[in-house]
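*Asks:* Dumping the structure here so I can ask a few things about it.
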Amino acid sequence: MVKINWDEFKEFKRDSHRDDNFFILLDFMKSYYNMLSPSDIYDSLRADDLAVMMMKKRKIDDAEGLESYLFKLNK
């Protein structure tokens with residue numbers, strides 16, 4: 001589990017072509033922290049209040065839900 005560096009996220013976001021902050025956050029987690037496992041990403045997101053709010057908005061409440069969400073993004 002890593003602590004999300006929101007300052008680095010803001011820098012990463014500047015170069016993103018996506019409009020949705022949660023999509024950008026997932027890209028950031030995969031790129032900046034080299035996290036590929038949905039379980040690892042989910043554990044890190046659960047430890048951050050802002051990320052938890054983003055997941056609740058999308059009704060993601062477990063690692064399997066995040067994995068399904070990531071699968072939809074990659075289609």
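The values are calculated or read from the model by the stated rules, or taken from the named source; none is laboratory data. Keep in mind that this is a model prediction, so the values were computed, not measured. Positions of Cβ are generated from backbone atoms using ideal geometry, with glycine treated the same way; all protein chains shown enter the neighbour counts.
*Asks:* Within segment 31-54, which residues are more than 13 Å from residue 66 (Cα to Cα) and loosely packed, with under 14 Cβ neighbours inside 10 Å?
*Replies:* If the condition is that a residue be more than 13 Å from residue 66 (Cα to Cα) and loosely packed, with under 14 Cβ neighbours inside 10 Å, then 31, 34, 47, 49, 50, 53 are the ones that fit.
*Asks:* For segment 36-58, which positions are hydrophobic (A, V, I, L, M, F, W, C) and at pLDDT 95 or above?
*Replies:* 41, 45, 47, 50, 51, 52, 53, 54, 55
*Asks:* Give 13, 3 a once-over and let me know the one that is basic (Lys, Arg) and in a loop (DSSP other than H, G, I, E, B). So that I can check it myself, show each step before the final result.
*Replies:* On the way: 13 fails: in a loop (DSSP other than H, G, I, E, B).
Going through 13, 3 in turn, the sole match is 3.
*Asks:* Could you please find all residues in segment 16-68 being touching a residue at least 24 places away in the same chain (Cβ under 8 Å) and either more than 19 Å from residue 1 (Cβ to Cβ) or in a loop (DSSP other than H, G, I, E, B) (or both)?
*Replies:* Result: 21, 23, 33, 35, 47, 48, 57, 58.
*Asks:* Which residues, counting only those in segment 7-20, are modelled with pLDDT of 95 or more and under 12 Å from the mean Cα position of the chain (by Cα)?
*Replies:* Residue satisfying the conditions is 9 alone.
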